[in-house]
Amino acid sequence: MTAQRPQRAIDRYLEREADLAAYLQSLRERGVHAVALDLEGDQGNIRYAYSISIMQCFDGAETVIIDVLS
């Protein structure tokens, strides 16, 4: 019996608008109509008002982190 390799926790890390556009296009091409989202926010530590800093997205096949502050 061989040991199973652990799955990666994150499949993609998106920092550029072009990467996000390509990911959204891939969702359309794969016919994905729903995703699970987890939003991480900053309560004034980085910016003066509350803002979203990271979006974690799972589309049923891969986990994507979207860095909205970069």
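The values are calculated or read from the model by the stated rules, or taken from the named source; none is laboratory data. The shown structure was predicted, so the numbers you read here are calculated from the model rather than taken from an experiment. A quick note on method: Cβ atoms are made from the backbone with ideal geometry, for glycine too, and the neighbour counts reach across all protein chains shown.
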Filter result for R16 (at pLDDT 80 or above, loosely packed, with under 13 Cβ neighbours inside 10 Å and not acidic (D, E))
yes
For region 29-47, how many residues meet the condition of being at pLDDT 90 or above and touching a Phe, Trp or Tyr at 6+ places or on another chain (Cβ under 9 Å)?
4
